[in-house]
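Below is one structure, written out as structure tokens; comments come after it.
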Amino acid sequence: ILGIFFEEAVWKKIVNKELEAKEIMEWKNDDEKAAILSVYGTEWLIEVYNGKKIETQSLSSGQAEDGKFYLPAGQGEYHLYLVEGAFPQSEYFVHYTCPSTGRKYFENVPPEEGKKGVFAAMSWKFHTDEESFKKMSYHA
């Protein structure tokens with residue numbers, strides 16, 4: 001799935017949609033999780049958890065200062081969701097498309113970062129500050 005190898009028993013569970021949402025969100029490998037979500041769809045996961053989109057930010061595709069174009073159309077949008085009632089505490093998730101691979105990700109971030117906004121959450125995920133994240137995303 002998306003070039004990711006799964007053992008046959010796991011692959012069957014994925015393609016037959018036999019995994020629970022909790023199992024998917026606890027998956028350790030982000031690339032494998034993205035492959036699984038490509039089968040299930042992030043919309044399904046958001047619906048299962050009754051997620052509420054609280055912020056969307058965009059790094060527009062187009063021309064950078066040096067005159068080059070970087071982000072493919074439709075990429076560079078970052079969504080922040082709040083999920084309440086499904087976990088012991090309110091949880092925040094970021095949903096984005098990787099500018100270099102086109103894979104869609106739906107990742108949990110610490111509440112203290114989610115409360116700061118989508119770019120703070122993405123910066124935490126990539127171990128950098130917001131300005132560096134924006135530059136890194138724009139030039140992916």
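When Lys and Arg each count +1 and Asp and Glu each count -1, what net charge do the other residues less than 11 Å away from residue 109, Cβ to Cβ, add up to?
Working: positive: 115, 116, 125; negative: 91, 107, 112, 113.
Neighbour charge sum, excluding residue 109 itself: -1.
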Angle check, please: helix 30-40 long axis (alpha carbons) against the longest principal axis of the chain (alpha carbons), in degrees 0 to 90, nearest 10. 70
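Given 0.36 nm per residue, what is the gain on full extension from residue 27 to residue 6 after removing their alpha carbon distance, in nm?
Numbers: separation 21, 0.36 × 21 = 7.56 nm, distance 1.27 nm.
Contour length minus the Cα-Cα distance gives 6.3 nm.
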Quick one: dipole size for the chain, taken about the Cα centre, charges +1 on Lys/Arg Cβ and -1 on Asp/Glu Cβ, in debye to the nearest 20. 220
Given (i) 16.0; (ii) 15.5; (iii) 17.5, the label whose value is Kirkwood radius over Cα pairs in Å derived from this model: (i)
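Ranked from the most accessible area to the least, with a 1.4 Å probe and all protein chains present, what is the order of 129, 30? Provide the component values of the computation, followed by the final result.
Numbers: 129 85, 30 55 Å².
Final ranking, largest accessible area leading: 129, 30.
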Assuming R0 = 30 Å, what is the FRET efficiency of residue 58 and residue 15, from their Cβ-Cβ distance, to the nearest 0.05? 0.40
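The values are calculated or read from the model by the stated rules, or taken from the named source; none is laboratory data. Please read these numbers as outputs of a predicted model, since none were measured by experiment. Glycine also receives a Cβ, built like all others from the backbone with ideal geometry; neighbour counts cover every protein chain displayed. Please note that ligands, DNA and RNA were not included when accessible areas were found on the heavy atoms of the full protein model with its side chains. Shrake-Rupley method; radii C 1.70, N 1.55, O 1.52, S 1.80 Å.
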